Amino acid sequence: MTFVRPTIFALSSGRPPAAIAVVRVSGPQAGAALKALIGRVPEPRQAALVRVRDRQSGEAIDEALALWFPGPGSETGEDVAELQLHGGQAVIAGVLEALGRIEGCRLAEPGEFTRRAFENGKLDLTEVEGLADLIAAETQVQRRQAFRQLKGLIGDRAEDWRRRLVEALALVEARIDFSDEADVPENLVGPALHAARQLRDEIAAILAGSGRGERLREGLVVAIAGPPNAGKSTLLNRLARREAAIVSPYPGTTRDVIEVHLDLAGYPVTLLDTAGIRESSDPVEQEGVRRARARAAAADLILWVTDASAAGAVGAVESDRLSLPEVWWLQNKIDLMTQSAHSRSESADKEWVNRSFTISAATGAGMDELVAALAAYAQQFFSITESAFITRGRHRRALEETVASLDRALSAKVSRREELIAEEMRAAATTLGRLTGRVDVEDILDVIFRDFCIGK
Ligand code: GDP
């Protein structure tokens, strides 16, 4: 017997050993797999306590909960079986082995369950991306954005645009096809262009107001910079509350850019320790300096750290840039200072500084204020993402192409006007279809599904 579509199975829960392991099976043989392993197929969508047996030896592998989700009402759209086992290595290995021996069953590839859900119309492409983001989400704000996308925030909207566009296109095509017939009204193109103009403006407005949605996936980038030995690594460690960077009393030892991901009040923040920025003849160090500059240049916020107890070590933020991001000056090592010197340093005024703080990365003095300010900054930075719509460059490019097509449709010259309008509207509809995965997307599918783990 051959099976048109292989039945796939995988461990869908996390790394064993764990309390529970979830093994999922999807495809035409899912019911047969349950019969082979537990002797029956439970009631749909109801948990059943079962013995899982190895068919060859008859030996019980484990006691488990079994679930049966008949297609097409299942997550993948196919018959789906799920076993909730004890999460031991040998239990899982035994069950996967037993499944592998069933004809037509094989281990799933990364993202293959989700791919089947997409192919069976359970999820559109933007929802698949939302699912990937939800699994990768590290902070509550990222989770919220991903969940909205998974639930169709972008996909439903794009599908609505596409539907309206196709309706407008039908008017233009009717005008072209029946232009010789007396009873087809002349003014079909007017309403079509009106609809196209409305769509164009709607999409353009969303493009203009976005950007932060893409950023939310990456996080706010904060670069810690300043002269060597100022205490940058110490600060990073304190902020990250772990030993992420090498703290050393000798200048110039932090050669690479060290990256730490933080969750600040629910917002994702990437902290960069940009090595002791200074000229050096050591090629390894030069490379560190070059990378530090490039990363710091792209940061949203620079924390410029100086040693407040050392005279003349203030340095300056690179000035060979057109627009500096916001710069906060952190006067570090205040624990080493006398009270009078302390107040003198605070009065220092630098025009490139947006705010200044006095801290001790070593003792933690002033850190609460700094962390609170960072959290407030992140919150403000991301405040408009609550309505963010575009979360990936792929979406942005598709919408930009759609607007460009509509612009061309709207500016079509009089000669062959209707054909040109129809052509551009068709192109715009195709681009929107590609956004949700309705039309020719094979090339981008692999890219999107590759990011999933096995069992999802
Ligand atoms: P970086 O080169 O800027 O990354 O500086 P480090 O973080 O490696 O710190 C250089 C030296 O200064 C180390 O010996 C730290 O222990 C010390 N240091 C850093 N912050 C403070 C501080 O707030 N107070 C004191 N007393 N020492 C500090």
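The values are calculated or read from the model by the stated rules, or taken from the named source; none is laboratory data. All figures in this text were calculated on a predicted structure; none of them were measured in a lab. Every residue, glycine as well, gets a Cβ built from its backbone with ideal geometry; the counts of neighbours run over all protein chains shown. Note: areas computed on protein heavy atoms with side chains; ligands, DNA, RNA excluded. Shrake-Rupley method; radii C 1.70, N 1.55, O 1.52, S 1.80 Å.
Points to keep in mind about this one:
- Each principal axis of the range 1-132 carries a Cα extent, and these read 44, 35, 26 Å when sorted largest first.
- FRET efficiency for Gln89 and Gln286, using Cβ-Cβ distance with R0 set to 51 Å, rounded to 0.05: 0.60
- Per residue solvent-accessible surface (Å²) - the range 1-152, probe of 1.4 Å: 48
- Computed E for Ala204/Phe147 - FRET, C-beta separation, R0 30 angstrom, nearest 0.05: 0.65
- The portion of the accessible surface of the range 1-43 made up by carbon and sulfur, rounded to a whole percent, is 58 (1.4 Å probe; DNA, RNA and ligands excluded).
- Cα-based shape type of the range 26-94, given that a ≥ b ≥ c are square roots of the gyration tensor eigenvalues and the cut on a/c is 1.5: prolate
- Using a Förster distance of 25 Å, the FRET efficiency for Ala376-Ala294 (Cβ separation, nearest 0.05): 0.35
- Rounded accessible area of Ile38 (nearest 10 Å², 1.4 Å probe): 20
- The ratio of the alpha-carbon radius of gyration of the range 102-151 to the globular-protein estimate 2.2 N^0.38 Å is 1.36.
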